[in-house]
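The values are calculated or read from the model by the stated rules, or taken from the named source; none is laboratory data. Quick caveat, the model's predicted, so the values are computed rather than measured. Because the Cβ atoms are built from the backbone with ideal geometry, glycine has one as well, and the counts that use them run over all protein chains shown.
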């Protein structure tokens, strides 16, 4: 349980978040992104524990990685997070045409549109990769609805402010801790739900599947929702493409699955397929993933911890 904040502390934190985002966001779009990237570089030295976690994760994922390669990826990770900060700082100024100009979608016609025409619910999954905040803007700007599963920020004032940015264009955020029935209902109604699929979870909340060849406790929520509602599971990742100076959202082919009657086997199979797609993108763009998260923190019984 997080320590309860006083009203004064909560307000100070909210004002700090508002000030930082507004200060970065007063500049033109490209400048804001560069400022955010610079801040990301500075954070590396200010938070050595995060760099230590990233370093350990890279040792786990890539057995033969060099120190120079680790340094490059860790530097890129913080720059990517900073760039996203700069991107979010522009939300309050964005118009629909700005979003369509600055975000490119690859795979919509061949992957999303056919799925959308089926009338079934669509479960988008992504990861803490590039800019996952893109998805709060993506659907409304391109003409369809989107519900996003989120973990509410502990500070209610900060949460209210951040949520106002996320939902400015009509996206709906759903509290992951309180909305199980709502998620099922949305998918049964043929609507779209977005979920992050790449964080460590406690053993009771997940199942162990291989991630970089190492068992990683992974959420079973996507598999359970899809099996219950017959929703289409669709990968989508927002990648920063330097040459284009924009985020490119890659909508991948749906995850194929079938019900065998063995629910645990089906959940394991789907969750492993989802995790394999996440891993594929992390391998392609390692400098844009959240290496500072302890992805392998939960271990199978009897196994020694990595951190």
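Quick look at the values:
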{"item": "Residue 84 vs. criteria buried (at least 20 other Cβ atoms within 10 Å of the Cβ), in a loop (DSSP other than H, G, I, E, B) and in contact (Cβ under 8 Å) with a residue 12 or more places away in the chain", "result": "no"}
{"item": "Single match in 182, 168 (criterion: outside any loop (DSSP other than H, G, I, E, B) and either crowded, with 17+ Cβ neighbours inside 10 Å or out of contact with any helix residue (DSSP H, G or I) (no Cβ under 6 Å at 6 or more places or on another chain) (or both))", "result": "182"}
{"item": "Matching residues in the range 252-286 - criterion: being in a helix (DSSP H, G or I) and either surrounded by fewer than 16 Cβ atoms within 10 Å (Cβ to Cβ) or without any contact (Cβ under 8 Å) to a residue 12 or more places away in the chain (or both)", "result": "263, 264, 265, 276, 280, 283, 284"}
{"item": "Subset of the range 212-240 (residues that are outside any loop (DSSP other than H, G, I, E, B), surrounded by fewer than 17 Cβ atoms within 10 Å (Cβ to Cβ) and without any contact (Cβ under 8 Å) to a residue 60 or more places away in the chain)", "result": "228"}
{"item": "Test: residue in the range 201-210 that is modelled with pLDDT of 95 or more, surrounded by fewer than 18 Cβ atoms within 10 Å (Cβ to Cβ) and more than 16 Å from the chain's Cα centre (by Cα)", "result": "yes"}
{"item": "Test: residue in the range 81-93 that is in contact with a strand residue (DSSP E or B) (Cβ under 8 Å, 6 or more places away or on another chain) and within 30 Å of residue 138 (Cα to Cα)", "result": "yes"}
{"item": "Residues satisfying the stated conditions in the range 39-81, i.e. within 21 Å of residue 132 (Cβ to Cβ) and exposed (fewer than 15 other Cβ atoms within 10 Å of the Cβ)", "result": "41, 47"}
{"item": "Boolean, residue 135 is more than 23 Å from residue 198 (Cα to Cα) and crowded, with 16+ Cβ neighbours inside 10 Å", "result": "no"}
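Here's the yes/no breakdown for (1) in contact with a helix residue (DSSP H, G or I) (Cβ under 7 Å, 6 or more places away or on another chain); (2) in a helix (DSSP H, G or I); (3) more than 27 Å from residue 22 (Cβ to Cβ):
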| position | (1), (2), (3) |
| --- | --- |
| 74 | yes, yes, yes |
| 93 | yes, no, no |
| 111 | no, yes, yes |
| 114 | no, yes, yes |
